1. Counting every Cα pair in the range A:19-61, what percent are over 13 Å apart?
2. Can you give me the relative contact order of the range A:19-61 as a percent, contacts being Cα pairs under 8 Å and 6 or more apart?
3. Could you rank the peptides A:31-40, A:54-63 by their average count of other C-beta atoms within 10 Å per residue, with the highest value first?
4. Could you work out the per residue convex hull volume over the alpha carbons of the range A:46-90, in cubic angstrom?
DNA sequence: AAGGGAACCAACCGCTATCTA
DNA sequence: ATAGATAGCGGTTGGTTCCCT
């Protein structure tokens, strides 16, 4: 909300993307492909860094992304893979079609990490962790 | 009812890896 | 071979929303 954005034309924008920025970015990716993000950003007229454009595309605009809630199956898979690989979010994301590394990382931090933390503090029974972690 | 902290999540940062000319 | 450009990764932050008491 706090937007009396009197930005100077040359400066890069930060923060949330506007719908019109998304549309322009999608159009530019159609022309450039998913690469050369700096060049794309510069010629697009968007006041965003190439890095920011890339992130926005990969995590939000890219086709075939699921945006809804993580399902129970997905949650179990995330827990299992995190246990197996550690915080290798990109590697984990490859096993979850339509999900991004960022989304999984966020999910882990906000929903799942506390479960193992609680376990480590000895406040959960072992059997409960087994239930959480090793569902087939 | 309100205000303060927790939770959530998109986006940013620093850094490394990989590519390309 | 190599330097600069580009892509990718994972930790972290900041703004908003959601509980609580």
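1. Percentage above 13 Å: 39.
2. Numbers: 32 pairs, mean separation 16.5, N = 43.
Across the range A:19-61, relative contact order equals 38 percent.
3. A:54-63, A:31-40
4. 94
Any read-out appearing in this document is the output of simple, stated calculations on the displayed coordinates, not a laboratory observation. Just so it is clear, the model here is predicted, and its values are computed rather than measured. Neighbour counts run over all protein chains shown; Cβ positions are idealised from the backbone, glycine included.
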